[in-house]
Amino acid sequence: DEREEFLTAHKWLKASGEEIWIAKSSAGAKGEDICLSSSPKEILDFIDEQNQAFVVQKYIENPLLLEGGRKFDIRCWVLLSHKYSIHVFNQGVLRTSSEVYDVTSLGKLTSHLTNHCIQEANSDDFGKYEKGNEMFFDEFSRYLEDKFEKDFEKTILQQMHAIVKECLLSVEEEINTEALSYHSFQLFGFDFMVDATFKVWLLEINGAPASAQALLSSIAQGIVNKAIDPIFPPPD
C-alpha cells in the first residue's frame, strides 16, 4: 500500500532530522494544488480532499541557494525522436525565488515554490534579482565559479544528463513508437533541484513544457532540425 510506504519512509527519515514532504497533483500546473508539511496526516488529508491523482515526494530541505539566500530550480528541455534518440538542449533556465528560503515557514509559498505564477502574483520583489526571475546557464555557470569554484558542466550538467538518460531508457519499452507506421517526437521539460552538496535531484518531468521566452526560437529551431528535417528534408 502506497500510504503505508509513505508513512514508513516518513518515520525513517524523521529520525535523521528530515521530515518535510511535498504533495502535488500529477496533472497540476502553475504551482497549484501543492501541500508542504512535516505532518504525514496533513499530507494524506490534503490528498483525500482532492479528486485527482497526487505525487508525494521528499522535500529537498537543504537546497543550494543563490544570492540573497534564495531557492531555484532548473528546467531543461529534452527532445525524444521517433528513433528514440535523446537530445538535451544546450541552454536551460533557472526559475528563481524572490524571497529568502526559510525552512521553518512552510506557508510562505514564495520562499519555497519557484513557479513564475506564484512568484509574480505573491512577491513584491519579483524581478528584483533577475529579470522575470530567470537565470540562464551561462550566468549560473559564472555564479558557481565565482562563489564556489565549481565547474557547472562537471558539477551539475553531467548529473542532469545522466538522470535524463536513465529516466528515458527505463521507459523505452513502454513509449517507443519506432515500430509504428507514423513518425512522432516528444518534447519534455525536466525539472531539477540542486542541494547544498551539489547533488542534483529530479523533481518532475513535464510532457507539455512551457519555454522561457528568450529560448523559444532556439528550441523551436532545434525541434525542426532534429525531428522534422530528417523526415521532410528542406529543399536544397
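Would you mind finding the one in THR177, THR197 that is among the polar types (S, T, N, Q) and more than 23 Å from the chain's Cα centre (by Cα)? First the steps, then the outcome.
Working: THR197 fails: more than 23 Å from the chain's Cα centre (by Cα).
From the options THR177, THR197, the qualifying one is THR177.
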Cβ pairs under 8 Å, 6+ apart or interchain, first in the range 111-131 and part of a loop (DSSP other than H, G, I, E, B), second surrounded by 15 or more Cβ atoms within 10 Å (Cβ to Cβ) and among the aromatic types (Phe, Trp, Tyr), ordered by first then second residue, are THR114/PHE72
Going through the range 32-58 in order, the residues found to be surrounded by 19 or more Cβ atoms within 10 Å (Cβ to Cβ) and part of a loop (DSSP other than H, G, I, E, B) are none
Of the listed residues (ILE86, ILE74), the one being in contact with a helix residue (DSSP H, G or I) (Cβ under 6 Å, 6 or more places away or on another chain) and either assigned by the TED database to the domain that holds VAL200 or not β-branched (Val, Ile, Thr) (or both) is ILE86
Checked pairs for the range 41-53, first over 16 Å from SER26 (Cβ atoms), second acidic (Asp, Glu) and part of a loop (DSSP other than H, G, I, E, B), C-beta under 6 Å and 6 or more apart or across chains, list as none
**Request:** Would you check if there is a residue in the range 158-174 being assigned by the TED database to the domain that holds VAL88, closer than 18 Å to PHE72 by Cα and at pLDDT 95 or above?
**Result:** yes
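Run down SER211, SER181 and say which single residue is under 12 Å from CYS76 (Cβ atoms), modelled with pLDDT under 90 and out of contact with any strand residue (DSSP E or B) (no Cβ under 6 Å at 6 or more places or on another chain).
Checking each option against the conditions leaves just SER211.
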Reported set for the range 138-181 where residues are among the polar types (S, T, N, Q), loosely packed, with under 15 Cβ neighbours inside 10 Å and within 17 Å of ASP195 (Cα to Cα) is GLN158
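The values are calculated or read from the model by the stated rules, or taken from the named source; none is laboratory data. None of the values given here were measured: they were computed from a predicted structure. Don't worry about glycine lacking a Cβ; one is built from the backbone with ideal geometry, like all the others, and counts go over all protein chains shown.
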